[in-house]
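Right, one structure below, let's go through it.
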Amino acid sequence: MPYREMDFEYILTNTEKPIFLLQNGKYIRCNPPLLNLFGYKNENELIGKTPIDISPKFQSSGETSEELGKAKLDKVLKSNIGMFEWTHLRLDGKEIVVRVSMTKIKHQKNDIVFGILDDITGEKIKERQIIENEKKFKKVFESMEEGMALCEMIYEGDKPLRYVLLDTNPAFERVLKVKKKYKTKSTSYFYIDLEQNPYIDIYDKVIKTKGPYKFEIYEKKYKKYFRVSAFNTEENMFATIFEDITQKKEQEEKIYFLTYHDTLTGLYNRAYYEEAIKNLDSFENLPLSILMIDVNGLKMANDTFGHSFGDAILKSAAEKIKNLIKDDFLAARIGGDEFVIIMPRTSYEDAAKLMKKIEENDHELVDGIEVSLSGGVASKKYKIQDINQIIIFADQQMYKKKQENGSEIRKKIIDKVLERLDKDVPWEKEHRNNVVNLSIKIGNILNLDKSEMKRLEKIAMFHNIGKVGIPKVLLKKSLPLKKEEIEIIKTHTEIGYRLLRSVPDYASIAEEVLSHHERIDGKGYPKGLSKDEIPFLTKIVSVACAYDGMVSERPYKKALSKEEAMKELIENSGYQFDSKIVLILKDLLSPPQ
């Protein structure tokens with residue numbers, strides 16, 4: 001193409017795109033848009049420079065601008081035209097990317113190159129951003145803990161027919177693959193099989209609204225919870241993410257359970273009960289009946305056997321309540337030994353029948369000790385009644401019943417304790433009877449009155465009852481006891497004291513039972529009492545107990561003869577035992593002259 005100067009001047013003046021002329025690889029003309037693009041003020045600043053002079057050392061391909069520029073120019077000179085992308089440096093040092101279109105033209109037998117530039121810096125930045133984003137997405141896609149699938153929805157008109165899996169990340173299989181313990185011939189390879197197109201309506205909605213969507217599902221077959229997220233990616237395409245939240249859900253359920261349940265019994269706790277009673281106090285639940293229930297003798301059990309034993313009793317009581325109530329009733333433990341049952345749509349009569357079952361049903365035994373319950377009943381029949389007054393009335397009824405029956409219940413527990421002791425320690429019953437008989441004989445010789453004789457019999461009967469709280473392995477041990485084991489056995493006097501003190505009929509003898517191992521010289525236990533500080537009736541039981549213990553065989557010792565036992569008592573008379581009572585026993589056991 002011939003070069004005509006007038007034509008080019010017209011183009012220079014009227015073209016908005018950056019244009020230039022090169023001769024021998026150097027700029028000989030350029031227009032203002034090009035100067036503006038490169039940051040120059042006038043044409044003379046650029047004339048005489050080569051495109052290489054205003055380029056970085058390397059192009060985006062990694063080749064040097066000098067080598068690549070020469071190759072591009074040579075190609076244009078040979079083929080007359082050329083188009084390529086090029087990175088330039090503006091005068092201020094900033095890089096710009098241009099699309100170069102060049103044509104070779106002839107002028108006075110010289111080759112001149114005419115060029116037009118398009119600034120594509122913005123496009124390239126966007127491209128790079130897209131590439132970077134794709135890299136980032138791929139990195140996230142491949143490294144994320146959640147399972148992710150890219151899918152395409154197939155439509156017939158506006159109706160979704162199915163969707164197909166285009167790609168999944170490495171975590172997809174790890175999250176959704178069925179574990180070996182769940183595998184059977186009938187199970188799918190995945191917990192959620194996308195090949196079966198589940199949740200297609202939700203994914204269709206995501207595509208059509210172009211909005212994200214989240215939901216949770218529970219796969220009952222596998223006891224697995226999943227959180228599913230979905231979002232639209234492009235036309236008819238969506239991504240769906242699966243997160244296994246089973247552990248999180250189980251933790252939430254555990255926290256919820258601990259917040260609203262009694263950890264010992266598994267029943268609801270007071271916090272839940274207080275909310276529940278407010279919610280259930282409505283017209284549609286009338287008549288609304290309340291049962292207030294108390295565990296009989298729990299304090300006595302705690303004092304005697306320790307709180308772990310008391311906990312076992314509470315668990316047994318809770319289990320009994322659970323087994324007797326309907327599904328729509330609510331049972332809660334609201335205090336140490338107190339339970340409540342809320343009974344919607346239940347008459348007073350029906351509530352009273354349930355209370356009778358709870359009180360009279362076969363009582364559970366915890367390690368040989370009977371678990372029995374007492375309770376009070378009250379019902380709200382009319383909307384105008386205050387539920388708090390109903391609760392107070394039920395509580396009062398329970399307290400009244402415990403006052404009426406408490407002594408008898410505790411006596412029954414004492415009987416059960418003796419039964420358990422006899423079972424745990426086979427010789428204990430015989431020893432108890434022997435001590436009772438000997439004590440009564442001594443009491444008769446002393447001419448004790450009837451009331452004192454009754455007290456003496458009780459003290460003798462229950463002097464060792466505290467041994468029920470001692471590990472039976474120690475009581476039956478045949479080898480010599482260690483020092484710490486002896487100290488444990490010594491606590492039986494205190495256990496017996498606490499046990500008897502809680503029963504009105506036996507409280508008066510608790511001190512005597514506590515002191516039956518005290519000595520005249522003050523070297524006994526648990527208080528170190530001496531002489532007249534020791535109750536007189538206790539002195540009788542101490543002598544009878546010691547004598548029977550010596551003449552009876554035990555796994556840890558052989559029996560002494562009567563004479564040997566009596567000699568032992570006499571030698572310790574005035575030190576360990578009361579001298580007068582020892583002499584009475586000696587006369588009692590001596591053959592008639």
Quiz prompt | Subset of the stretch 542-568 that is free of Cβ contacts under 8 Å to residues at least 24 places away in the same chain and in contact with a Leu (Cβ under 8 Å, 6 or more places away or on another chain) - its residue that is nearest to VAL473 (Cα to Cα) | solution = MET550
Self-check item: Filtered residues of the stretch 207-260 (kept if of a type in the set (Lys, Arg) and under 23 Å from MET144 (Cβ atoms))
Solution: LYS210, LYS214, LYS224, ARG227, LYS248, LYS249
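From the list ILE11, ILE47, ILE52, ILE28, which one is touching an Asp or Glu at 6+ places or on another chain (Cβ under 9 Å), β-branched (Val, Ile, Thr) and open to solvent by 40 Å² or more (accessible area, probe 1.4 Å)? Show your work before the answer.
Values: ILE11 fails: touching an Asp or Glu at 6+ places or on another chain (Cβ under 9 Å); ILE47 fails: touching an Asp or Glu at 6+ places or on another chain (Cβ under 9 Å); ILE28 fails: touching an Asp or Glu at 6+ places or on another chain (Cβ under 9 Å).
Being touching an Asp or Glu at 6+ places or on another chain (Cβ under 9 Å), β-branched (Val, Ile, Thr) and open to solvent by 40 Å² or more (accessible area, probe 1.4 Å) holds for just one of ILE11, ILE47, ILE52, ILE28, which is ILE52.
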Quiz prompt | Scan of the stretch 124-135 for residues that are surrounded by 11 or more Cβ atoms within 10 Å (Cβ to Cβ) and farther than 18 Å from THR87 by Cβ, ordered by number | solution = GLU134
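Which residue, of ILE116, ILE96, ILE105, is at pLDDT below 90, surrounded by 15 or more Cβ atoms within 10 Å (Cβ to Cβ) and closer than 19 Å to CYS30 by Cα? Full working, then the answer.
On the way: ILE116 fails: at pLDDT below 90; ILE96 fails: at pLDDT below 90.
Selected residue: ILE105, the only one of ILE116, ILE96, ILE105 that is at pLDDT below 90, surrounded by 15 or more Cβ atoms within 10 Å (Cβ to Cβ) and closer than 19 Å to CYS30 by Cα.
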Practice problem: Kindly indicate the residue of the stretch 310-333 that is buried (at least 21 other Cβ atoms within 10 Å of the Cβ) and either of a type in the set (Val, Ile, Thr) or touching a Gly at 6+ places or on another chain (Cβ under 6 Å) (or both) and also nearest to ILE387 (Cα to Cα) among those meeting that condition. | Solution: ILE321
Quiz prompt | Scan of the stretch 74-91 for residues that are open to solvent by 50 Å² or more (accessible area, probe 1.4 Å) and touching a helix residue (DSSP H, G or I) at 6+ places or on another chain (Cβ under 7 Å), ordered by number | solution = ARG90, LEU91
Quiz item: All but one of (1) out of contact with any Cys (no Cβ under 8 Å at 6 or more places or on another chain); (2) crowded, with 18+ Cβ neighbours inside 10 Å hold for GLU67; which doesn't?
Solution: (2)
Quiz item: Where in the stretch 437-536 are there helices (runs of 4 or more DSSP H), lying fully within it, with 1 or more residues that are free of Cβ contacts under 8 Å to residues at least 12 places away in the same chain, open to solvent by 30 Å² or more (accessible area, probe 1.4 Å) and under 23 Å from LYS580 (Cα atoms)?
Solution: 450-462
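Please report, ordered by residue number, the strands (runs of 3 or more DSSP E) entirely within the stretch 1-96 with at least 2 residues that are more than 60 Å from the chain's Cα centre (by Cα) and of a type in the set (A, V, I, L, M). Break it down into steps so the answer makes sense when it comes.
Details: elements: 19-23, 26-30, 81-89.
Ranges flagged: 19-23, 81-89.
The values are calculated or read from the model by the stated rules, or taken from the named source; none is laboratory data. Here the structure is a predicted model, which means the values were calculated and not measured. Neighbour counts run over all protein chains shown; Cβ positions are idealised from the backbone, glycine included. Ligands, DNA and RNA are excluded from the accessible area calculation, which covers all protein heavy atoms including side chains. Shrake-Rupley method; radii C 1.70, N 1.55, O 1.52, S 1.80 Å.
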